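Encoded as structure tokens, the structure appears first; notes follow it.
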Amino acid sequence: MNIITGLINGMISGATPILLAALGGTFTFYAGVFNIAMEGMMLTGAFFAVLGSYYFDSWLMGIVCAIIGSLMMALIFILFAVTLKTDEFVTGIALNLFALGATTYMMRQIFNVKGAFSNPGIVPIPRIHIPLLAKIPILGNILSGQNLIIYITVLVVILSAFIIFKTRFGLRLRAAGYNAPSLDSSGVSSAKIRIWSLIICGVLCGLAGAFLSLGYVTLFSENMSAGRGWISLAAVILVNGNPWGIALISLLFGFTDGLGLLLQQYMPSQFTSMVPYVATLIALYFYSIQARKRKA
Amino acid sequence: MKKFVFVMIVVLLVASLVGCAPANQSPETEKVVYLINGALGDQSFYDSGQMGMEKIKSEYGIEIRTIETNFDAGQYEPALQAAVNYADVIFVISYGFEDQLMAFADKYPDKIFVNLDTVVQNEKKTITSVDFIEEESAYLAGVVAGLTTLETSLPGVNPGKLIGAVGGDVDPVISAFVFAYTNGAKSIDPEIQVETKYLGSWDDTAKGKQAALQLFDMGADVVFQIAAAAGIGVLQAAGERGLYAIGVDTNQNDIVPGNVVASDIKDVGKAIYEVFKTIKEGTYQPGAVLQYGLASGGVDIDMTAQVQVLPQAIQDQVLAVRQQIIDGTLKVEIYTGE
């Protein structure tokens, strides 16, 4: 029983950073920005989270700094891709590489360590214990006692779905992606909408980074995002940006990642490392079949 | 203007060539390079080598330089070339580029190559290999883990006889670690089971933590991390659950105080220092395979910590086994790839 609970908890915490970054990515996806910089934004967020938490002795400042750090990356993206109209793909790659180099450099300069910075002075984001839910047998250990960011993520999923599909901003956001000239001709600047989408993406990637370095573990290590931003990009494209779909894909990915580790009892580890990717491919297969049926 | 730029470039090129030339020829002060396949900052394996480099620098007043290739296969060959151009003595950790290293050693027979942690032999037999008998210290780590999981008076330890290990990836060194760790634990109680997880990564700390949490969920009370930087996630998992972990390569007992009961030390720095000493004293023999085990201090187990959780009885028992290995009365089985 313990193992199942552990697997589910592992799934939730494995999915959270991917899900947050992917939700950020979905705003830019709808706005028609080909944004691949989630990886870099997340990594920058993770670094500044540790920086803020360590120097201000407060996890809240950690989150604030993470968002500021990630927003700086988003602003660079805005400056180049939206204002100066450079190629989004190239800009994204540049940002990702820049984030990796810059965080590594700053860690070495500021904390005087290489590789990983772990220190008791870093204040982690607390877990939230919900008194009533905790008493439910089995489920109690899953519903209660999760990290604060995880509850925020649930809210963000609902909010994102609401904003994108039910509000005027959401309508304009989608219009900016589908048909920017007609949006512009109706008197709403599509560039402005894109800027807002990138700012939202920056905030959410900052949260994702803060969860990685202050929630899941309490340290910063070089390249600690470890490809999660790319997975989130895949999640966005896989389900055409639908927030609920993204949540499912992220959970599936988190689950299979943990499952891969668990299966090592029965299979060679090189094989189990493939599990998340094979599962993603299978999901992609079924999704595209569904999508075809809907079209027909 | 164009002409001026051209002239400037030519002048710079010539100047840089001239600038390089003396470095190739006249090694007045001895220069030593530490060339590693990974990067410094793991707070264990590579950093320990760096400490050895600092030590020979201060003791012998030589120039040192560290070249990190950060697991980038494209950099291995240029890094070797740079090392050969710069230095007379090259300490190298050559996972992944053993073949290039052999080629370079054959091409530059006057340079001293010391390969650390694995055995690499070139045709001309000029590479000296430092081979750590990691089985001896991993065996002791297994003894610590075995004694800890049986000591139910320690907070959090359950009656089940399960211990865990988290490896970065499946490779001969990690397999040797796990092999000896298992043997060490079973020497305490043959019923002890060892469960191992491999991350497929040496820097994904989150995954390291997840793997350790899974092992704890399965009922393990002690997890041995053999995953470089990713293993710090293992130590934090132990802290979160109030259970126990064993660190690797350097003393990691204070990273999560009270939860890291011991560290399996691989003293790369000491090996560098001692090999360099033989070079200075003229007793150095090219092509030798040097075995660094417990007796020579190349590997060890370290239980000193700010917050000591292991009862004195366990520590004494571990130290007794350690003494037996040093005396040679206990032979630790060497991993041979099954």
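Nothing in this text is a laboratory measurement; each read-out follows from the coordinates by a stated rule. In this text the structure is predicted, and so the values were computed from the model without any measurement. We place every Cβ from the backbone using ideal geometry, glycine too, and count neighbours over all the protein chains shown.
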Hey, what number do you get for the protein assembly as shown at 222 nm if only DSSP H runs of n ≥ 4 count, each worth -39500 (n - 2.57), divided across all residues, to the nearest 500?
-18500 deg cm²/dmol
Across peptide A:208-220, how many C-beta atoms of other chains are within 10 Å of each residue C-beta, on average?
3
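How big is the C-alpha Rg of the protein assembly as shown next to the rule-of-thumb value 2.2 N^0.38 Å, as a ratio?
For the protein assembly as shown, the normalised Cα radius of gyration comes out at 1.06.
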With +1 on each Lys and Arg Cβ and -1 on each Asp and Glu Cβ, how big is the dipole of chain B about its Cα centre, in debye rounded to the nearest 20?
840 debye
To one decimal place, what orientation-averaged projected area in nm² is obtained for the convex hull of the Cα set of region A:42-150?
9.3 nm²
Pick from B:60, B:181, B:34 the residue whose mean-square fluctuation is largest in a GNM of chain B, springs joining Cα atoms under 10 Å.
B:60
Within chain A, which DSSP H helices have Cα atoms that stretch 20 Å or more along the helix axis and a mean Kyte-Doolittle hydropathy of at least 0.5?
A:2-30, A:38-56, A:59-77, A:88-106, A:148-166, A:190-210, A:243-263
Placing unit charges on C-beta atoms (Lys and Arg positive, Asp and Glu negative, everything else neutral), compute the dipole magnitude of region B:158-221 about its Cα centre in debye, rounded to 20.
60 debye
Given charges at Cβ of Lys, Arg, Asp, Glu: the protein assembly as shown dipole, positive-most of B:132, A:151, A:241:
A:241
Residue mean of other protein chain beta carbons inside 10 Å, A:3-10:
3
So how strong a dipole does region A:111-220 carry about its Cα centre when Lys and Arg Cβ are +1 and Asp and Glu Cβ are -1, to the nearest 20 debye?
160 debye
Given the options A:84, A:207, A:233, state which has the largest fluctuation in a GNM of chain A using a 10 Å cut-off (strictly under) for Cα springs.
A:84
Farthest toward the dipole's positive end in the protein assembly as shown, which of B:154, A:178, B:182, given Cβ charges of +1 (Lys, Arg) and -1 (Asp, Glu) about the Cα centre?
A:178
Report, to two decimal places, the Cα Rg of chain B normalised by 2.2 N^0.38 Å (N = number of residues).
1.12
Computed over region A:176-253, the convex hull of the Cα set has an average projected area, in nm², of 6.3 nm²
Which whole-number value in Å³ per residue fits the convex hull of the alpha carbons of region B:120-248?
98 Å³
Give a quick list of chymotrypsin sites (Phe, Trp or Tyr not before Pro) in region A:199-271 that DSSP marks as loop, anything other than H, G, I, E or B, with at most 10 other Cβ atoms within 10 Å.
A:266
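Enter the per residue convex hull volume of region B:218-338, computed from alpha-carbon coordinates, in Å³ rounded to the nearest integer.
Once divided by residue count, the hull of region B:218-338 is 163 Å³.
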Identify, among A:20, A:97, A:62, the residue whose Cα sits farthest towards the positive end of the charge dipole of region A:1-137, taking +1 on the Cβ of Lys and Arg and -1 on the Cβ of Asp and Glu, with the dipole about the Cα centre.
A:62
Considering region B:49-106, what Rg and Dmax in Å follow from its alpha-carbon atoms?
12.1, 34
Looking at chain B as a GNM with Cα springs under 10 Å, which of B:274, B:54, B:123 has the largest mean-square fluctuation?
B:123
